[in-house]
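Colleague: Please see the structure below; I have some questions.
The values are calculated or read from the model by the stated rules, or taken from the named source; none is laboratory data. These numbers were taken from a predicted model, which means no experiment stands behind them. Using ideal geometry, Cβ is built from the backbone for each residue, glycine included, and neighbour counts are taken over all protein chains shown. The area values use the complete protein model at the heavy-atom level, side chains included, leaving out ligands, DNA and RNA. Shrake-Rupley method; radii C 1.70, N 1.55, O 1.52, S 1.80 Å.
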Amino acid sequence: MNVPRRFTAHYLSALALLLLTPTLLSGQLISIKTIPIATEDQFLFFPSQNRGMGSVSIALNDLFLDPFINPAMGSRLEGSQLFATPSLYDASNDGGAGRAFPLTVEMSGRRWFGGALLSLQQIETAQTFFGPVFGADLLSESSANNIYAAGFLGTRLPETRAALGVGVFWAGLNAVQGVDVLYAGSQSIDQTGDLVDARLGLYGELGEAGRYEVVALYNYVDMTHEVTYQEWFAPEPIDTFTPIDPMLISRTETNLDRTRTWGLHLAYMQPLAAEGWQIGGILTGNWKSHPKIPNYEIMNIPRDPGNSFGVNAGLGISRSVDRATFGVDFILEPIWSDTWAEAEAPIRSVGGTLIPTGGATVENEFTFTNALIRAGFGYQAPTVGFQFGLKVRSIDYELKQTDNVQETKRTQTEGWIEWTPTWGFSVTLSGVELFYQGQVTTGVGRPGTAGGGVPVAEALSSDFIPAPNAPLTLQGATVGAHMFTVRVPIR
């Protein structure tokens, strides 16, 4: 099998940097996108202190969320607490919606600590502009249910200022936002699959209040899309005098979505000499294998496999004075991704070169230079508090495509910016804390390609890397997400 090797040197140099530089909590699973679609709203159901502040995290702890990101961070918990965090999101232009109701418990003793989350979710599919509609929509085609479970367990290491923890997240998925409009002209899409994420974390404290983290992770996405199309078929006439009316027939196509990710994450946080200031640094590396990539309308290569390598490197600074807190994160995110199509049988190029079975007929080389800025402010009085924040993500990439059959090459450059303002407020009543956090994302929508390309939307996982067959277009939309949290101390 002909597998591109051009970025091996990038892998080795990035892995060397991983041994020297700290990394970012929320960037532990690096997302790869070649089209402008919102991807995170379906999974915004973990409790969080900082989401209303733009999810600032490099130099600012999030005691609610951190144990699920790095299970060893559960060592910072005190006592036990119960969370109820109903959440919802809604995309404009009939782009779909979702509602989830998670329950979370976090517990901490003298040496051991742990926690668990269980959530049910309902997904309402997007309204597409293709295919006939007869009467009311079938319930199975307009709504589907997902289930999520997560847990972490850890221990404080004796005679040290360190802790070790393990965590697992599982999702049983019958629907993922956006997949319903990925397949233009389809009558129905039956989605089934799982997402598994396993983590091993280390957390420790050094002299002068310095803190470090190390996390190793494995993430696996396994989805199947059974797509049904209705098409008009005109049979051959028996003779010129007997016309035959066209018939409406059904055709089913199976698409597989498989991605395996191995990751390493390092982080360090250190107070500064000035009162209330902290600084932090992060670096994350992800190696991704894509055995199967679905055949979407926007791409021009059927079922191509591939490999990717991405790095998150950033700095953060925060300050807490009295009841006010401010934080800023800046992250650079270079990514290299190669995908290719394999010949199902021997084929000759236009120049006569024989491509064997399994050889690469088309090769795509993506080079991403992404960046993320997060900033937020919060104020917490004894009974009330509020937060404001902003996330700005810039995505830029260059695609170099080689068609080994036609013996041609082309280059395509794309880029866009996603804006996500955030906000929140909290109230404490008789020891029970009530939180509301919201956000809205713009700069995304239903992408397509110039020259009549069909608009599509995003598939699951953290990755969506089809090779566009023409310059991208965008039918803009906004995605709003809201979370309500009730925190009840148990003891």
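Colleague: Of the residues R99, R76, which single one is charged (D, E, K, R), touching a Pro at 6+ places or on another chain (Cβ under 9 Å), closer than 16 Å to M483 by Cβ and open to solvent by 20 Å² or more (accessible area, probe 1.4 Å)?
Modeller: R99
Colleague: Based on this model, can you work out whether F101 counts as over 20 Å from Q270 (Cα atoms), without any contact (Cβ under 8 Å) to a residue 40 or more places away in the chain and aromatic (F, W, Y)?
Modeller: Criteria met by F101.
Colleague: Same structure, new question: Output yes when any residue across the stretch 167-186 is in a strand (DSSP E or B), β-branched (V, I, T) and more than 30 Å from G95 (Cα to Cα), and no when none is.
Modeller: Checked against the condition, which is being in a strand (DSSP E or B), β-branched (V, I, T) and more than 30 Å from G95 (Cα to Cα), the stretch 167-186 yields at least one hit.
Colleague: Does at least one position in the stretch 76-97 carry a residue that is at pLDDT below 95, more than 16 Å from V214 (Cβ to Cβ), among the hydroxyl-bearing types (S, T, Y) and part of a strand (DSSP E or B)?
Modeller: yes
Colleague: Let me ask another. Scanning the stretch 26-49 for residues that are outside any loop (DSSP other than H, G, I, E, B) and within 16 Å of E124 (Cα to Cα), which turns out modelled with the lowest pLDDT?
Modeller: Per the stated criteria, the residue is D41.
Colleague: Check A381 against each of (1) open to solvent by less than 30 Å² (accessible area, probe 1.4 Å); (2) more than 24 Å from the chain's Cα centre (by Cα); (3) without any contact (Cβ under 8 Å) to a residue 40 or more places away in the chain and name the one condition it does not meet.
Modeller: That leaves (3) as the condition not met.
Colleague: Hey, does the stretch 104-121 have a residue that's free of Cβ contacts under 8 Å to residues at least 24 places away in the same chain and either within 19 Å of the chain's Cα centre (by Cα) or open to solvent by less than 30 Å² (accessible area, probe 1.4 Å) (or both)?
Modeller: No, that holds for no residue.
Colleague: Can you list residue pairs whose Cβ atoms sit under 6 Å apart, with the first residue in the stretch 272-293 being free of Cβ contacts under 8 Å to residues at least 60 places away in the same chain and the second being surrounded by 14 or more Cβ atoms within 10 Å (Cβ to Cβ) and among the charged types (D, E, K, R)? Count only pairs 6 or more apart in sequence or on different chains.
Modeller: G276/R319; W277/R319; S289/R260; P291/R258; K292/R258
Yes or no, residue by residue, for (1) among the basic types (K, R); (2) farther than 30 Å from E433 by Cβ; (3) touching a residue at least 60 places away in the same chain (Cβ under 8 Å):
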site	(1), (2), (3)
G306	no, yes, yes
S318	no, no, yes
A324	no, no, no
L332	no, yes, no
T339	no, yes, yes
P356	no, yes, no
A360	no, yes, yes
N364	no, yes, yes
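Colleague: I'd like the residue in the stretch 409-446 that is closer than 12 Å to P36 by Cα, open to solvent by less than 20 Å² (accessible area, probe 1.4 Å) and touching an Asp or Glu at 6+ places or on another chain (Cβ under 9 Å) and, out of all such residues, is modelled with the highest pLDDT.
Modeller: Only one residue tops the list, namely T441.
Colleague: Would it be correct to say that V215 is at pLDDT 90 or above, open to solvent by less than 10 Å² (accessible area, probe 1.4 Å) and part of a strand (DSSP E or B)?
Modeller: So V215 fits the description; yes.
Colleague: Could you count how many residues in the stretch 327-350 are more than 22 Å from L283 (Cα to Cα) and open to solvent by 60 Å² or more (accessible area, probe 1.4 Å)?
Modeller: Number satisfying all stated conditions: 6.
Colleague: If I ask for residues that are open to solvent by 10 Å² or more (accessible area, probe 1.4 Å) and either closer than 28 Å to T442 by Cβ or hydroxyl-bearing (S, T, Y) (or both), which ones from the stretch 81-90 would you list?
Modeller: Those that are open to solvent by 10 Å² or more (accessible area, probe 1.4 Å) and either closer than 28 Å to T442 by Cβ or hydroxyl-bearing (S, T, Y) (or both): P86, S87, L88, D90.
Colleague: I'm trying to understand the selection: among the residues of the stretch 320-344, which are modelled with pLDDT under 90 and aliphatic (A, V, I, L, M)?
Modeller: A341, A343, listed by residue number.
Colleague: Condition first: assigned to a strand (DSSP E or B) and in contact with a Lys or Arg (Cβ under 8 Å, 6 or more places away or on another chain). Now tell me which residues in the stretch 371-384 satisfy that.
Modeller: Scanning the stretch 371-384 gives A371, L372, I373, R374, Y379, Q380.
Colleague: Inspect all residues belonging to the stretch 128-145 and state whether any of them is modelled with pLDDT of 85 or more and touching a strand residue (DSSP E or B) at 6+ places or on another chain (Cβ under 7 Å).
Modeller: Yes, that holds for at least one residue.
Colleague: Anything in the stretch 269-297 that is aromatic (F, W, Y) and surrounded by fewer than 20 Cβ atoms within 10 Å (Cβ to Cβ)? List them, or say none.
Modeller: W277, W287
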